[in-house]
Every structure is written in C-alpha cells, then in structure tokens.
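Here the structure comes first, spelled out in structure tokens, and everything after it is commentary.
Please treat every number below as a calculation from the coordinates, not as lab data. As the structure is a prediction and not an experimental result, all values here were calculated from the model. Here Cβ is always computed from backbone atoms with ideal geometry, including for glycine, and neighbour counts include all displayed protein chains.
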Amino acid sequence: MRQRAISHWHWNAQTAAKFGDAKTIANHADAAKGHIKVIDEHLKAGVTSLDAAIEHAKQGHTNLAKKSAEEAVLHLNAAQ
C-alpha cells in the first residue's frame, strides 16, 4: 500500500511539474498535497503512539506499551 500512496502523490507532483497549463499544474499539485497531508497525519499519529509505548515501557507497563506499539504499527501501515 505504501508504494501505491507514494507513487500516487509522486505521479501527481511529476505531472504538475511536466505540464505547461496552469489548471493542470494546480490540479495535480493539489492532489499530491492532499495525499501527502494524509500520510503526514498517519506518521504523526504513529510517532505519538511510539512515544506512548516508550513511556509505558519505562514505567514497566508491558501490556500498555505493547498496545501503544501495535497502534503505532497500524498508523505507520496506513501511512504507507
């Protein structure tokens, strides 16, 4: 899935850079930006979950640390 998401925003960005008319550039640049924003939100959520996993682990809360790490994996997979 990651390759598809990256490929889609990358294709839109490349298309925006290659076309000469303003409307096509704007449409493809906007599409690429939208995909990147979604990916960015998932990455931020993944980092937050990893921070929680670290804090729980430091406190010896193994089950909570594991749950937070699993949440991080879900977010990072969604970013892909």
- Task: Just flag the chymotrypsin sites (Phe, Trp or Tyr not before Pro) in the chain sitting in loop per DSSP whose Cβ has no more than 16 other Cβ atoms within 10 Å.
- Result: Phe19
- Message: Please report the projected area of segment 2-79's Cα convex hull averaged over all directions, in nm².
- Response: 5.1
- Item | Sequence of Thr62, Thr24 once ranked by neighbouring C-beta atoms within 10 Å, starting from the fewest | Thr62, Thr24
